[in-house]
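Accompanying notes for the structure given below.
The values are calculated or read from the model by the stated rules, or taken from the named source; none is laboratory data. Nothing here was measured: the structure is a model prediction, and the numbers come from that model. Cβ coordinates were reconstructed from backbone atoms using ideal geometry, including for glycine residues, and neighbour counts include every protein chain displayed. Surface areas here come from the heavy atoms of the whole protein model, side chains and all, with no ligands, DNA or RNA. Shrake-Rupley method; radii C 1.70, N 1.55, O 1.52, S 1.80 Å.
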Amino acid sequence: MQLGEGTALRRVAPQEGSTPPLLDVVFVHGLGGDGDGTWRPKGAESWLGWLAEDLPSIAVWSLSYPAGATKWTAEGEGMAIPERASNLIPTLLYYGIGSRQTVFICHSLGGLIVKQILRHSSEMAVPEWTAVAESTLGVAFLATPHSGSNLATFVKILAVSRPTRTALALTAHCPHLKELADWYRQNAGRLGIETAAYAESRKVKRWFRMVTVVTTTSADPGIDGCITTSVDADHIDISKPSSRETDTYRGIETFLRRQLARAAAASGATPTATTALTDAGPSLPGAAAPPAELVRQIRELQAMGDLNLLDPGEVSALKIGIVNRYYGVGND
């Protein structure tokens with residue numbers, strides 16, 4: 001996509017008319033990227049289709065928007081992150097994002113834009129926008145510069161070309177990025193959003209030198225329970241896994257399986273708590289109702305079985321293990 005073109009949301013798979021999915025998965029590219037090339041290794045197919053094959057209960061979408069790093073003419077100044085977020089929300093809603101539960105997979109700048117989308121849709125006095133934040137179950141960040149990128153600062157100082165407002169927004173230690181990071185840390189839990197984060201571990205060649213675009217520190221969203229995982233890739237390749245055996249693919253597939261189980265449990269596609277616990281082991285007459293956390297774990301396991309993500313034997317064994325651990329069965 002060239003600077004100056006509009007926004008677009010493309011449904012990668014499955015095609016309309018197939019079994020309605022449980023989960024919308026929206027991929028959001030970063031600075032200098034687009035809705036296809038960001039996710040496609042050179043000379044190979046995009047991994048977005050693999051996910052749709054491996055997880056048939058999801059619909060995979062790719063969001064495109066103008067994200068040029070520089071401007072060579074007076075046209076195409078680019079939008080700052082808050083403006084771009086406001087610009088993209090109507091596009092998401094137009095294609096039905098928010099009508100069922102959603103996960104965002106973001107590369108670099110895309111993660112900052114998604115955080116701003118969630119903030120706008122949560123806080124702005126636009127009733128129809130709230131569906132985006134309320135439907136979001138998870139966000140996975142691939143090399144997102146939560147506290148900015150030193151490369152953006154380098155571009156600004158070197159002045160090889162005139163950076164867009166979009167690129168300048170990535171400047172290391174930008175006050176807006178800190179404030180946005182603080183908001184996400186304080187509200188992700190409240191919104192029920194699970195977070196995953198991945199960091200580049202290799203440098204990329206830039207202007208005759210090797211540079212780390214986003215440091216591991218900046219790639220850390222600072223969310224309790226979220227451990228930022230470094231992968232064997234540079235800033236560009238982290239979003240282009242070449243096979244299902246790469247760190248990026250395995251991590252994102254596992255993350256999506258968890259969100260599918262949550263979506264299935266929330267949709268009522270799982271047995272009731274009583275049935276689930278009976279399957280796991282005998283109930284006791286007059287026993288107190290099981291705690292909410294135990295019920296949640298049992299439901300998520302059953303949902304994974306219903307979606308054929310686990311076979312029946314695995315579901316049964318895991319249920320028994322959860323109940324036994326809770327009630328101390330087998331403990332010394």
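Once the chain from K203 to K42 is taken as fully extended at 0.36 nm per residue, the excess over their C-alpha distance is 56.1 nm. Annotation: amide H of Q101 within the under-5 Å range of D24, sequence separation 5 or more or interchain, hydrogens built in the peptide plane.
Which of the peptides 244-257, 188-201 is most tightly packed, and how do the rest follow, going by the mean number of other Cβ atoms within 10 Å of each residue?
Details: 244-257: 17.1, 188-201: 19.2.
Taking the mean over residues of other Cβ atoms within 10 Å, the ranking is 188-201, 244-257.
Heavy-atom accessible area for M124, with the other protein chains in place and a 1.4 Å probe, reaches approximately 80 Å².
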